[in-house]
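See below for the structure under consideration.
Values quoted throughout were computed directly from the atomic coordinates according to the rules given, and no laboratory measurement underlies them. Computed from a predicted model, the values in this text were never measured in an experiment. We place every Cβ from the backbone using ideal geometry, glycine too, and count neighbours over all the protein chains shown.
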Amino acid sequence: MATFKVKNNVYSIGVKDPLLRVFDIMMETKQGTTYNSYLIKAEGAITIIDGVKEPFTNEWLNNIKELVDIQDIKYFVTQHTEPDHSGSIPALLALNPNIQVFGSFMAMANLKEINNGPFLANAVKPGQELKLSDAQSLFFHPVPNVHWPDTIMTHDPLNDLAYTCDFLGMHVSPPQLFLSKEPNKAAAEEALTVYYDAIMSPFKGDCLKAVKTLESLNVSMVLNSHGYILDTKEDVEHAINQYIKWSTIPKSDKLVITLVYSSAYGYTAMMKDTAVKELEKLGVITHVYEAPKDDMTKIVASIEQSDALLLASPTFVGDGIKPIYDVLNSLNPYIGRGKYMSAFGSFGWSGEAIRNYMNRAKELMMKTVDEGHKIRLKPTEEQLETTKAYIQNFVTLVKAELKK
């Protein structure tokens, strides 16, 4: 990606990775991505904001050399030390060890382990000023967990812009980076949505805090680290509003439970049907999904917005089954923390699935209030009565816990 002027003395020095198809092992990136990096040409205080992924180091260094002598660089700001933004930093510091590096306390600790050598580290405080010239200063604002704990946002009041790293980013590798010049707005919107869902959605509360920080800066331009630069105030406001909408979890006065089930021969489905009817009688808002038939994104979103999760599953060869484990493995402790969980189902041999799901839920920081419920093979009417009792007990215990 060739260098270009973004605004006044701010230049893009990042690189493109158009052939990338999987990011962070798990996220599909059909359109590749970019690793956006920026250079501020302040006389006597040349500053770089964020690096790039290590395999692109030489391209990045060449981009820098197009604009300045590396020995003239005075400051480097690392807003987030995930290696796709920090992998190239050691090579730059090897060429100019006099560069003063700024970032959060955690970023400095992380970079120590990435650089594997001494460097001039400066851990910043909230609102701290870095004066580049009489007219230009940078101000640092912590925005942890969007999406790493080390993340900061950098404000440049002179140019009326904010550097936001991954926040408001997109995995896409377009011909040019200004969103206002992109004719296919629908594709850009999809990229913003997919990026939020895959990267930011586990940190909804932190996203809302970061939104407040960005809104307080009232900038007309956002320079993020992946994909399109939001180069108009309208684009900035739109992205902010989308994050607010996506990060706001609806509140309900009633208990909300997501129930996910799989059934091989209909026996577990019979228990599921009994459970759903009982939940409805108890006035519980219940969202029911079948795995693997239903969309995983919708299932995870429903769990995130629920007070509790119920899993209904058979046992297969002494363990749970892949579709249900896929649901659990799509969660993480940020989503699961504090939610209540139980599992039930039919089994033929020994019924270990229920216990194993419950154990996995505890690893996800979910709370359990019972030991689950299981019936051997096809449930009788009398056994289905025990399923009703199990559901009644679960709801009673969860409601009691929520009142504490």
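Amide H contacts under 5 Å for SER137: LEU132, LEU158, restricted to partners 5 or more places along the chain or on a different chain, H placed in the peptide plane at 1.01 Å from N.
A DSSP coil position with no more than 15 other Cβ atoms inside 10 Å describes the following GluC sites (Glu not before Pro) in the stretch 285-372: GLU371.
Listed by chain and number, the aspartates and glutamates whose C-alpha is less than 13 Å from the C-alpha of LYS362, apart from same-chain residues fewer than 8 away, are ASP370, GLU371.
Taking amide H positions as placed 1.01 Å from N in the peptide plane, with prolines and chain starts having none, which residues 5 or more places from SER346, or on another chain, fall under 5 Å of its amide H? Answer set, sorted by chain and number: THR268, SER313, ILE375. List, in the order given, every pair from LYS30/LYS53; LYS131/LYS204; LYS65/LYS212 whose Cα-Cα distance in the structure shown is over 25 Å. In this structure, LYS131/LYS204; LYS65/LYS212 lie more than 25 Å apart at Cα. Between the stretch 1-72 and the stretch 141-201, the C-alpha centres lie 14 angstrom from each other.
Do the alpha carbons of any pairs in LYS209/LYS245; LYS277/LYS404; LYS185/LYS245; LYS245/LYS399 sit beyond 24 Å of each other, and which pairs? Flagged as over cut-off: LYS277/LYS404; LYS245/LYS399. May I ask for the angle, rounded to the nearest 10°, between helix 204-217 and the longest principal axis of the chain, with both axes built from Cα atoms and the value confined to 0 to 90°? Helix 204-217 sits at roughly 30 degrees to that axis.
In the chain, excluding the sites themselves, the longest stretch lacking any of the chymotrypsin sites (Phe, Trp or Tyr not before Pro) that are in a DSSP loop with at most 15 other Cβ atoms within 10 Å is 1-264.
Panel order for ILE375, ILE324, by other beta carbons found within 10 Å of each beta carbon, from fewest to most: ILE375, ILE324.
Straight-distance candidates among the aspartates and glutamates for linking to LYS281, with alpha-carbon spacing under 12 Å and chain neighbours fewer than 8 residues away dropped, are absent.
Relative contact order for the stretch 256-393: what is it in percent, counting Cα pairs under 8 Å that are at least 6 residues apart? That works out to 27 percent. Estimated purely from DSSP H runs of n ≥ 4, each contributing -39500 (n - 2.57), the mean residue ellipticity at 222 nm for the chain is -11000 deg cm²/dmol once divided by its residues. Under a Gaussian network description of the chain, with springs only between Cα atoms under 10 Å, the residue in PRO183, PRO292, PRO323 that fluctuates furthest is PRO183. In the chain, Cα pairs under 8 Å separated by at least six residues give a relative contact order of 10 percent. With the charge dipole of the chain set up from +1 on Lys and Arg Cβ and -1 on Asp and Glu Cβ about the Cα centre, the Cα lying farthest toward the positive end among the listed residues ILE49, HIS80, TRP246 is that of TRP246. Pairs with C-alpha atoms separated by more than 30 Å, drawn from the list LYS16/LYS251; LYS125/LYS251; LYS293/LYS388, are LYS16/LYS251; LYS125/LYS251.
State whether the stretch 88-144 is rounded, prolate or oblate according to the following rule on the C-alpha gyration tensor (a ≥ b ≥ c being the square roots of its eigenvalues): a/c under 1.5 gives rounded; otherwise a/b larger than b/c gives prolate, and the remaining case gives oblate.
Working: a/c = 2.84, a/b = 1.38, b/c = 2.06.
Note, shape of the stretch 88-144 comes out oblate.
Straight-line cross-link reach from LYS7 at under 16 Å between alpha-carbon atoms covers these lysines, not counting any fewer than eight positions away in the same chain: LYS41, LYS181, LYS233. Please give the helix 352-363 orientation as an angle from the longest Cα principal axis of the chain, in degrees from 0 to 90, rounded to the nearest 10. The helix 352-363 is inclined about 30 degrees to the chain.
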